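Read the structure below first, then the notes.
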Amino acid sequence: MTDQTMTLFLEADPPDALTQDDLDDLTRALRGQLDVPELTAGVALAGSASAPVGAGAKGLGQDLGALVLQVLPETVPALLDFLKGFVTRESRVKLKVQVGPNLIALDFDARTMDEARVEALAGRLQRQLSGDAVAGAEP
């Protein structure tokens, strides 16, 4: 099975919670923290991405708040668990992931995202990375 591209977007929550420099620092921190044993075999930095309109942009090999990852579908549950921890530690940030044309908000708020919804989201992303997903289907 070949790995597929996933674009991860970091956004300030609320929108004025972070400066562009803060968002750049958090993006770099996330990129550096992805180098952990449970992810290194299935997740790799694949390059830069165009940040969504209004998010601003910086050079240096990545656009502000965006990381492009090559992800093996079977690594998605570990990646989501890692991202959930990152968002828990960095409460001023929310994440969105794009696979193909689908942009999905990763809402890890404990009040709205229980373990069953995280598992459903992992399954949805795995199907999309494998090319088996129905576009726009909810987790």
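For the peptides 31-37, 118-124, residues were scored by their other Cβ atoms within 10 Å and the scores averaged per peptide; the highest-first order is 118-124, 31-37. Taking 7 Å steps out from each Cα toward its Cβ at Glu119 and Thr19 produces label points 4.5 nm apart. Taking Cβ atoms as reference points and 11 Å as the exclusive limit, the residues near Arg92 contribute a net charge of -3, counting Lys and Arg as +1 and Asp and Glu as -1.
Fully extending the segment from Arg92 to Ala29, taken as 0.36 nm per residue of separation minus the present Cα-Cα distance, adds 21.3 nm.
We did not get these values from a lab; they are worked out from the coordinates using the rules stated. Bear in mind that the values here come from a model prediction, so they are computed numbers and not experimental data. Reconstructed Cβ throughout: ideal geometry from the backbone, glycine too, with neighbour counts over all protein chains shown.
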